[in-house]
Amino acid sequence: MAKYFVHLPPDGSPALFWRPAVNFAGLTFHFNLNLLARAIGDDPTATLPAWADLVPPQDYDFGEGIVKIQPFAYSPQGGNVHRPEGLPIGQNLNRFLNDPLLGDRLDLSLPFYDEEVKLGPAGGGFFRKENDATAFHGGTDFNKRPRATFDVCAAAPGRILARDSENGRHGGTLVLSHTSPSGKDYRTLYHHLDITTVPRELTIGVPVRRGQYLGQVIDVSIIHLHFGVAVQGPSTRISGVVIPALWYFIDPWGVYDYYEHDSRSHGSYLPPENLPDIYRSRIVGAVHTIHWGSQPLYETLPVVRQTESYAQIEQIQFRGWSTEVKPGIPASEQGQFFLWLKSDPDPFLVSASQTEARFSESALTSILREAFLHSKQVKLEYHYEGQVRHIRSAWVKA
Ligand SMILES: [Zn+2]
């Protein structure tokens, strides 16, 4: 059963039950599920076992003041008060985390193109097996092995909400805002970007497409992308203090349990080995216990998209690059093939690596060329590499 997050601090020190709010690119984000649970009306005494005592209320700085709130945690009677247990997640929080967009799907794509990108070893899950203030990680880490930087892209269509103007010690952050079909706002956060690789035109308010290139991960320490998803909780009043509608990090993959694995020597959170892999299904906001069977992104697919409908090809272009003519293939076709669709200013490309393979070349460039010559409409399947759309397959309408 999913539980509230409880830190297990070193013996003798006061218990910590949450991570403080953190600023990213000038915006405040909260990690405190206890506060969120109170804001949406859960009662910590409702699920308290009869034989247990709630831990003492604790101060929480919500950015505009400090409020004392009751953590959803208890000390087993006669047990160690510094080893509290988290209560099961209550009805209201459960409903909220399962459906943070009030019926709309959190329709997120993976925030990168590279198939080699994997779930990070440190903080790959939403919690880490550590006792410091960062143990509630609030996001998902992605990295390459061996370590290398990689391109980051927008996980959903939206707008630039905030961006750092320069790199800090661990790079900078870009925050996007998104609106679901029913008008519920949510945010995605891309941390550890090399701000010098973020396109200049991505200024605040600028719209971005799903899959649009946002920049590269910065080449420091463990090169990784920290990807966060945040939703807004309701405003509330606690002990006479008005708490505004705050932005909380939630786990879009729906993992809210703290899993402590005795056999692990490192501090990472990793899933057990014998449960199904939720990463094979689409991402929804859902409260799951741990469901990972292996490194969840081990067989990550690149983000593949389709043009919305059939469209006329307006222009095609071959750019030859090889001086050597291979038997049976015109020199121009040994290079790159570009194609423009009507009312879309940016080209699609059959890349050099694809044109090098004879079968791909005949299957894509010649079909597309035929479609162009006979004014037939096409629909394309493609993926982004940087800002370039690479065609993977094509449909042609008779
Ligand atoms: Zn991280």
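Derivation of every value follows stated rules applied to the coordinates shown; laboratory data play no part. A quick note: this is a predicted structure, and the numbers were derived from the prediction, not measured.
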* Mean separation of Cα contacts under 8 Å, 6 or more apart, over the residue count of the range 158-248: relative contact order % -> 26
* Phi-based couplings in Hz for the range 373-379 (Karplus 6.51, -1.76, 1.60; Gly and Pro marked x) -> 5, 9, 6, 8, 7, 10, 10
